[in-house]
1. For the list (1) touching a helix residue (DSSP H, G or I) at 6+ places or on another chain (Cβ under 6 Å); (2) crowded, with 23+ Cβ neighbours inside 10 Å, I need the number of the one condition that Thr387 fails.
2. If Ala539 meets every condition in (1) hydrophobic (A, V, I, L, M, F, W, C); (2) part of a loop (DSSP other than H, G, I, E, B); (3) closer than 18 Å to Gln501 by Cα apart from one, which number is that one?
3. Among the residues of the range 242-284, which ones are among the aromatic types (Phe, Trp, Tyr) and within 26 Å of Ile369 (Cβ to Cβ)?
4. Within the range 499-519, does at least one residue satisfy the condition of being at pLDDT 90 or above, closer than 20 Å to Ala579 by Cβ, among the small types (Gly, Ala, Ser) and in a strand (DSSP E or B)?
5. Would you call Arg620 among the basic types (Lys, Arg), assigned to a strand (DSSP E or B) and assigned by TED's automatic domain parsing to the domain that holds Leu718?
6. Would it be correct to say that Val555 is part of a helix (DSSP H, G or I), over 24 Å from Ala508 (Cα atoms) and not assigned by TED's automatic domain parsing to the domain that holds Ala208?
7. For the range 290-311, what are the residues that are assigned to a helix (DSSP H, G or I), of a type in the set (A, V, I, L, M, F, W, C) and buried (at least 18 other Cβ atoms within 10 Å of the Cβ)?
8. Only one of these is among the β-branched types (Val, Ile, Thr), in contact with a Cys (Cβ under 7 Å, 6 or more places away or on another chain), farther than 21 Å from Ala691 by Cβ and not assigned by TED's automatic domain parsing to the domain that holds Pro390: Thr223, Thr142. Name it.
Amino acid sequence: MTLRNIDALFHGDRVLVLGEARSHAQRQLLANIEASLPADKRRHLTRWRGAERVPDDGAELAVILDARWGQPKLITALGEQGCRAVLWCADERISNEVLRAARPYNLRLLGGRSAGIVQTRSERNISTLAQAPRLGKVALITQSQSLAAAALDWALGRNIGFSWLACSGSEADIDIADLLDYAALDPRTRAVVLQVGRIRAPRKFISAARAVARVKPVLVLQTRRAIDGGPQGPDPARSAAFARAGLVECESLGGLFDGLAALELLPTVTHNRVAVLGNGSGVCALGTDALIRQGLEPARLGEATRQTLAREAPDASDHGVSIDLASSSTQHTLAALKTATEDTDNVDAVLFVHSPVAGQPHEPMVDAIAKAEISPRLMTVWLGLHTAQPARHSSALARLATFASADEAVRAVRYRAQYRFTRELLTATPPPDPSVTADVASLRERLEALSSDGVEWLSADEAAHLLTAYGIAGETPPETAVQVRVRALAHPELGMVMSVQDEAVGIAPAYGFAPLDALLARRMLQGASASRLRGTRAAFEALAQALVRLGKMIVDIPELAGFDLRVAVGPRGRLQSPADSLIEITGNPRPARERLAMSPYPARMRHIVTLKNERRFIVRAIRPSDEPAVLDLLESLSPEEIRLRFFNYIRHFSHDMAARITQVDYDREVSLVVSAYDTPDQLAGMGTIIADPDGNEAEFAILVHRNHAGIGLGRHLLDCLLRQAQARGIETVYGDVLAQNRPMLKLARGLGFKVRLSIDDASSVRVEIPMADYGSGSAA
């Protein structure tokens, strides 16, 4: 999880090419590099063929065309000379010895078999692609050279641009997670289009995907190599991981392209409200049918808009779900389209479906729309082929959102609007987790002993003992309301994956990842049963709670290799003892980062501290369910306290803001809350430390309510955060503090922070401390 030196790929000034171009792709790469360098900077490109050494010419980026230059000693020489990144375009894979040689210098490698990168704003082209992209606001990240080339060709045909594109290839070092982090921080990238063929590090990928999805829409297409006897088609576990991270998955390459068009050309779509207009009742029906097939309802224009439209296009017929413009003139059609797109209270996008009927050819209408400067919320579909192709081309040149069919247009809007839904899932507030008081240490000791005796599958009694410890047991009632099959298995890419299946409805299982909360468990059950289980409310909630507890069992016990259970619930929500329980254990569990795709809640951080006047406080990591308590704390602050903490006066703290505070990715940040021992439900303060993707620097912030000030609570919180930073290998911790915030500055100086003037804001200062200095001398 580091971005260090990746910027050298996109902005490195000097380029060193090692080796001779031997393929069409490599020759194209050299041509692109030379063409993208201005004449006065051609001297910044060095081509070198001698394999015994590398020249010391100050290159920031090296391009390796032949694996003979990929020797550890030459990589070491590049690092010593200050080279920061390598693009590996040789066919051979990058060896572990090369990676080890690069690591001491933070020398980053992209590839092997990478198509390279293109930075459109600076016209920097370090790629094997035969065409150069146009400037745009969407980043393209792929693992496949061929799909990168196809996406670029399609985008050029639709006059769509990219902020930058990168192909990670076989990913020996820089992977798609690193590139997602780069996209999240790039202010010129508004959205991301991603192709995933393989997930190398599950937790790193999920963490990076969540980080970018919080701020920008990400469309993803998964591809999977078909192998005889192997799994075919998209992987549902991957799809579940994408959804958990907030990504919008596209079903096909065509869908990805249409989604790209929507991201680039359409403004923000907050709902799925699409109004359909066409020059005939049949083509209007095509539009409304497409909406229904995509699960959307046709939008209805407001009454005032419909009255205005009736005056502007007197030949039009209002069908309620669509407007048939029939033989309306070009002038009347333009007026109707403009009026419809301006009805922002009722419509997010307007779909205009046009047929080349007699007297209404495509091209004149395209030209008229292009000149009319109608809202970009207009989508056009030009039916047919012979005259439709040039019409689509003209639409692309005019930067109109145009599609080959109504289905493609509606699908693009659905992808565009789905981001709002996935982002809401990321910020939804789950209810408190059910209390589970399992003695984890004892259970693990017991399983380790069984495994050392050669046991791989637990007996019925041992399985019942384990499940009972997690509350998955109970009396067997005379009848069963519902039953689901719950499985956990080791996925080759994503670690432990859970699935739940309602075998009574015969549909595919729903997948998820531990840890689960009640909201995620409910969504799994809804997906597994096509919402059938919602009809038995008590049983549904009991099953959701069981899934949460089983997820906690997976998190707690690395020795758990998998299970297959049939969990049943009686009509009043009483869990039955699982029948035919199969639980597999292992004596060699995978490392935590490989076993769990999601970072679990760090319960180990909980402790009790006694401060001045014998006042005791509970300190623990924040939970998503803490949102109400966080809002209560923030709303209780005085205006001046708010200004000192947030640098501004805030009248209302929103759900989105509270969700960002409480829903923490513990791979990247630590957030602690503190409450008085006697009132654990009321927060007395909180503190956060957020690391950059490099893990090099981290920013801290703390807040203590005035009723608990002056007793050392702020110092204890900050000390906890700094020790967490040390444990994670963070080099420097800093914070921005208003110059008037004297208590905070006194606290920072007392812990060893240095105070520096802020470059960006004269009213504030920056306090920072190297972690190597903390805990020694005066910083203790």
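The values are calculated or read from the model by the stated rules, or taken from the named source; none is laboratory data. Just so it is clear, the model here is predicted, and its values are computed rather than measured. Every residue, glycine among them, receives a Cβ derived from its backbone with ideal geometry; neighbour counts consider all protein chains shown.
1. Status for Thr387: all satisfied but (2).
2. (2)
3. Kept after step one, since they are among the aromatic types (Phe, Trp, Tyr), are these residues of the range 242-284: 242, 257.
Passing the criteria: only Phe257.
4. Yes, some residue in the range 499-519 is at pLDDT 90 or above, closer than 20 Å to Ala579 by Cβ, among the small types (Gly, Ala, Ser) and in a strand (DSSP E or B).
5. Details: among the basic types (Lys, Arg): yes; assigned to a strand (DSSP E or B): yes; assigned by TED's automatic domain parsing to the domain that holds Leu718: yes.
It is true that Arg620 is among the basic types (Lys, Arg), assigned to a strand (DSSP E or B) and assigned by TED's automatic domain parsing to the domain that holds Leu718.
6. On the way: part of a helix (DSSP H, G or I): yes; over 24 Å from Ala508 (Cα atoms): yes; not assigned by TED's automatic domain parsing to the domain that holds Ala208: yes.
Spelling it out, Val555 is indeed part of a helix (DSSP H, G or I), over 24 Å from Ala508 (Cα atoms) and not assigned by TED's automatic domain parsing to the domain that holds Ala208.
7. If we filter the range 290-311 for residues that are assigned to a helix (DSSP H, G or I), which is where we start, we get 290-293, 303-311.
Next, only the ones that are of a type in the set (A, V, I, L, M, F, W, C) stay: 290-292, 304, 309-310.
Result: Ala290, Leu291, Leu309.
8. Numbers: Thr223 fails: in contact with a Cys (Cβ under 7 Å, 6 or more places away or on another chain).
Just one listed residue meets the conditions, Thr142.
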